[in-house]
Amino acid sequence: MNAHRSLSRVVVIGRDADLWLCVNAISRALGGVGVSVVAIELPTRLTPSHVSATLPPLEALHAKLEIKESSLIRATAGSFSFGQNIVGTSSGPALGRSTNFFHAWGAYGAPIDRSAFFPCWLKATRHGLSISLQNFCLTAVAAQNGRMLLPDEATSAFGRTDYGYHMQTMAYAGFLKSISAKLGIKMYEARNVIVEREESGSIAALIIDGSLRVEGQLFVDASGKDAILMGQSLGVPWECWRQHFSVDRVLTARAPAFTSIPPYAEIRTARVGWTALHPSQVVTGVVHAYSNGLLSDEVALESATAAAGAKLADPSFHSVKPGIRSRVWEGNCVAIGAAACSFDPIHDVEFHALQLGIVHLLSLFPVTEQFTAERAEYNRIMRSYDERMRDFQCAFYALSPFHGEFWQQARDQAVPQPLAHKIATFRARGDIAPLEDETFSPDSWHAIFTGLGVVPESWPPVIDRISPDRLREEFRRMLEFIKGKVLEQPTHDRYLDGLCRGVAAHP
């Protein structure tokens with residue numbers, strides 16, 4: 001490779017949303033400075049059962065791609081999600097006790113006299129307050145009342161009101177592909193790809209279906225778990241995270257749409273695993289996660305059907321192998337999405353990991369073919385982000401109070417050291433130990449820890465300067481504000497209807 005030649009030709013090979021989100025982002029960001037993108041599309045792996053659940057940051061990436069939200073919702077029969085409703089029963093001394101809590105994409109409470117809300121709430125619960133943390137979260141209360149949450153000056157002053165989406169994945173991939181066509185991105189369909197290597201080991205070109213040769217300076221592997229470039233051709237090792245997770249099998253299916261569409265996902269736990277329901281306007285995506293050693297596929301289907309409370313269509317099964325590529329940028333090839341890292345299905349982080357890979361590639365995009373420094377930094381930061389997401393997922397299992405052999409097996413898995421430190425710090429005084437490159441906010445950690453029944457032993461002493469009467473006054477004010485704001489909002493159903501018909505929705 002010529003170290004001084006400007007980098008102007010990127011080849012992306014992959015399928016479905018991984019491919020099209022990547023090529024659109026590179027083209028939008030760098031097309032104006034002379035970088036051309038070629039897309040090589042592999043056959044889809046999607047079925048009508050796939051419904052994607054996304055985290056809030058995807059909205060910002062869509063805005064950068066000039067995607068209009070109303071067009072997105074119409075094209076994907078999508079809906080909004082303000083978080084995850086966890087439904088289960090506890091084990092141990094409280095066997096049979098309901099363990100329901102809401103993990104919201106938003107802020108919990110507001111500061112009191114310049115002190116953070118959570119330690120104030122923590123102290124109050126120790127002195128008899130019986131109001132759960134989620135009741136102080138605008139998005140959680142709105143979601144559980146079937147409402148949208150349209151931000152205004154007052155809600156913005158109170159705290160974050162984030163949302164993600166539930167979208168039919170096939171429709172989303174098709175929508176992104178149509179944008180690529182409008183951008184004039186050169187596309188090729190491929191069933192068989194041969195990788196042509198240079199003497200240095202870098203990739204020189206891809207041979208499509210034995211005839212067409214596509215050259216590039218930088219290659220992006222968006223081929224998912226196949227990892228055609230990074231794994232099969234370059235042979236970059238895979239580091240397995242199996243020691244941290246007991247889920248090794250997932251059932252994907254679809255159930256009928258809800259009559260009234262909930263603005264959240266629901267995770268229903270059972271003795272043998274858990275089932276997630278992702279509601280869109282026309283179908284409910286069902287994901288059932290379990291351990292193959294404890295449950296056959298046939299029994300898993302029965303369990304998922306019982307959890308969903310409806311007959312399931314188009315069931316499909318696949319194995320889950322959480323782990324990370326030891327290097328996600330090797331030579332002149334960058335792996336993104338599942339080609340770079342594979343996660344447990346809890347908390348729906350796959351699209352966010354893909355987004356992080358794309359955004360950091362753009363931020364470190366090299367000027368010339370000499371990109372040793374950029375490659376080293378990309379490998380460092382992506383590993384850091386991926387491991388922090390892994391830790392958040394591990395917390396759900398390590399601290400789970402749910403009963404059954406699956407959950408006991410989950411609690412017996414190894415806990416990564418950074419997570420063990422975070423749990424210990426929280427148990428001691430309710431603090432969330434800050435680590436670099438976190439995806440999930442302290443609010444999310446508070447919601448998960450307290451929802452799973454972890455009770456801190458104390459709180460920061462500075463909170464003791466606030467009198468109990470002052471705390472009660474502020475709690476009452478917050479609850480009244482939240483109730484009033486939620487009642488002002490349109491229902492989720494009405495808002496979706498108005499968005500799809502192009503008219504404004506009102507309460």
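Readers should treat all values here as calculations from the given coordinates under stated rules, not as data from a laboratory. Because the structure is predicted, anything quoted here is derived from the model rather than measured. Because the Cβ atoms are built from the backbone with ideal geometry, glycine has one as well, and the counts that use them run over all protein chains shown.
Being closer than 17 Å to Glu239 by Cα, out of contact with any Asp or Glu (no Cβ under 8 Å at 6 or more places or on another chain) and not charged (D, E, K, R) is the requirement here; does Val349 meet it? Full working, then the answer.
On the way: closer than 17 Å to Glu239 by Cα: no; out of contact with any Asp or Glu (no Cβ under 8 Å at 6 or more places or on another chain): yes; not charged (D, E, K, R): yes.
The answer is no for Val349.
How about region 306-333: which of its residues are in a loop (DSSP other than H, G, I, E, B) and of a type in the set (S, T, N, Q)? Matches in region 306-333: Ser326, Asn332. Of all residues in region 438-479 being closer than 28 Å to Pro401 by Cα and of a type in the set (D, E, K, R), which is surrounded by the fewest Cβ atoms within 10 Å (Cβ to Cβ)? The qualifying residue surrounded by the fewest Cβ atoms within 10 Å (Cβ to Cβ) is Glu457.
Give me a count of the residues in region 135-162 that are charged (D, E, K, R), more than 20 Å from the chain's Cα centre (by Cα) and either part of a strand (DSSP E or B) or closer than 27 Å to Ala17 by Cα (or both).
1
Can you pull out every residue in region 203-218 that is more than 32 Å from the chain's Cα centre (by Cα), surrounded by 17 or more Cβ atoms within 10 Å (Cβ to Cβ) and small (Gly, Ala, Ser)?
Residues of region 203-218 that are more than 32 Å from the chain's Cα centre (by Cα), as a first pass: 204-205, 207-215.
Next cut, surrounded by 17 or more Cβ atoms within 10 Å (Cβ to Cβ) only: 204-205, 208, 214.
Residues satisfying the conditions are Ala204, Ala205.
Tell me yes or no: at least one residue of region 397-405 is hydroxyl-bearing (Ser, Thr, Tyr) and more than 28 Å from His103 (Cα to Cα). No, because not a single residue in region 397-405 is hydroxyl-bearing (Ser, Thr, Tyr) and more than 28 Å from His103 (Cα to Cα).
Among residues of region 301-321 being hydrophobic (A, V, I, L, M, F, W, C) and either touching a residue at least 40 places away in the same chain (Cβ under 8 Å) or in contact with a Gly (Cβ under 7 Å, 6 or more places away or on another chain) (or both), the one that is surrounded by the most Cβ atoms within 10 Å (Cβ to Cβ) is Ala304. Restricting Ala140, Ala171 to residues that are under 30 Å from Pro468 (Cα atoms), hydrophobic (A, V, I, L, M, F, W, C) and buried (at least 16 other Cβ atoms within 10 Å of the Cβ) narrows the list to Ala140. Checking each residue in region 40-75 for being within 26 Å of Lys186 (Cβ to Cβ), of a type in the set (Lys, Arg) and in contact with a helix residue (DSSP H, G or I) (Cβ under 8 Å, 6 or more places away or on another chain) picks out Arg45, Lys64. Of the residues examined, Ala265 is not one that is among the small types (Gly, Ala, Ser), touching a helix residue (DSSP H, G or I) at 6+ places or on another chain (Cβ under 8 Å) and buried (at least 19 other Cβ atoms within 10 Å of the Cβ).
Is one or more of the residues making up region 67-86 over 30 Å from Asp18 (Cα atoms) and not in a loop (DSSP other than H, G, I, E, B)? I'd like the intermediate steps shown before the answer.
Pass one, region 67-86, residues over 30 Å from Asp18 (Cα atoms): none.
Checked against the condition, which is being over 30 Å from Asp18 (Cα atoms) and not in a loop (DSSP other than H, G, I, E, B), region 67-86 yields no hits at all.
In region 235-252, is there at least one residue being touching a residue at least 40 places away in the same chain (Cβ under 8 Å) and over 24 Å from the mean Cα position of the chain (by Cα)? Checked region 235-252: at least one residue is touching a residue at least 40 places away in the same chain (Cβ under 8 Å) and over 24 Å from the mean Cα position of the chain (by Cα). Among the residues making up region 449-507, those that are in a loop (DSSP other than H, G, I, E, B) and out of contact with any strand residue (DSSP E or B) (no Cβ under 9 Å at 6 or more places or on another chain) are Val454, Val455, Pro456, Glu457, Ser458, Trp459, Ser467, Gly502, Val503, Ala504, His506. Filter region 346-386 for residues that are more than 18 Å from Pro57 (Cα to Cα), in contact (Cβ under 8 Å) with a residue 60 or more places away in the chain and not polar (S, T, N, Q) and give the result. Matches in region 346-386: Phe365, Pro366, Val367, Glu369, Phe371. Considering only residues in region 328-375 that are surrounded by fewer than 20 Cβ atoms within 10 Å (Cβ to Cβ), closer than 23 Å to Gly32 by Cβ and among the β-branched types (Val, Ile, Thr), the one that is farthest from the chain's Cα centre (by Cα) turns out to be Thr368.
If Arg9 meets every condition in (1) in contact (Cβ under 8 Å) with a residue 12 or more places away in the chain; (2) more than 27 Å from Asp209 (Cβ to Cβ); (3) surrounded by 14 or more Cβ atoms within 10 Å (Cβ to Cβ) apart from one, which number is that one? Status for Arg9: all satisfied but (2).
Kindly state which strands (runs of 3 or more DSSP E) lie completely within region 163-263 and contain at least 3 residues that are touching a Lys or Arg at 6+ places or on another chain (Cβ under 8 Å).
Working: elements: 164-168, 186-189, 193-197, 203-208, 212-215, 218-222, 238-240, 249-256.
Ranges flagged: 203-208, 238-240.
Could you figure out which of (1) closer than 27 Å to Phe481 by Cβ; (2) under 29 Å from the mean Cα position of the chain (by Cα); (3) of a type in the set (A, V, I, L, M, F, W, C) isn't true of Leu183? Leu183 satisfies every listed condition except (1).
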